[in-house]
Amino acid sequence: MAVEITGVPGAPLPNHQTAKTDTHNAGVVGLKSRLSSDNAATSAPSTDSVTISPQAERLRLIETTVNAQPDVDDARIESLKSAIDAGNYDIDPQRVAEKLIELESQFVA
């Protein structure tokens, strides 16, 4: 199957590229004829299969578990609100300082 393009300025392709194209085209024609004869003889449907690695399966399970968790712990928020309103919420300055140091150490690399 040769394609002739007209109206394009420039030199023609070198012979080795033309030979490659002709060989490719002959192979395509031969492949098409083989495929059509194969399809005529057997027309069984083909099936695709996918194999998932154990790591991908674990990631899927983790993702499902994380997505099942609520974004906000409403019970914890209500507990904190009621403790603050009642004046029973005590702040532990030592714990706050430790958490701030832990947070800062994550930024220093």
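Within the stretch 82-100, being surrounded by 10 or more Cβ atoms within 10 Å (Cβ to Cβ) and either within 45 Å of the chain's Cα centre (by Cα) or part of a helix (DSSP H, G or I) (or both) holds for Ser82, Ala83, Ile84, Val96, Ala97, Glu98, Lys99, Leu100.
Among the residues of the stretch 62-81, the ones that are surrounded by 10 or more Cβ atoms within 10 Å (Cβ to Cβ) and either touching a His at 6+ places or on another chain (Cβ under 9 Å) or not in a helix (DSSP H, G or I) (or both) come to 1 in all.
Quick note: the coordinates plus some simple rules give every number you see, no bench work behind them. Please read these numbers as outputs of a predicted model, since none were measured by experiment. No Cβ is skipped: glycine too gets one built from the backbone with ideal geometry, and neighbour counts run over all protein chains shown.
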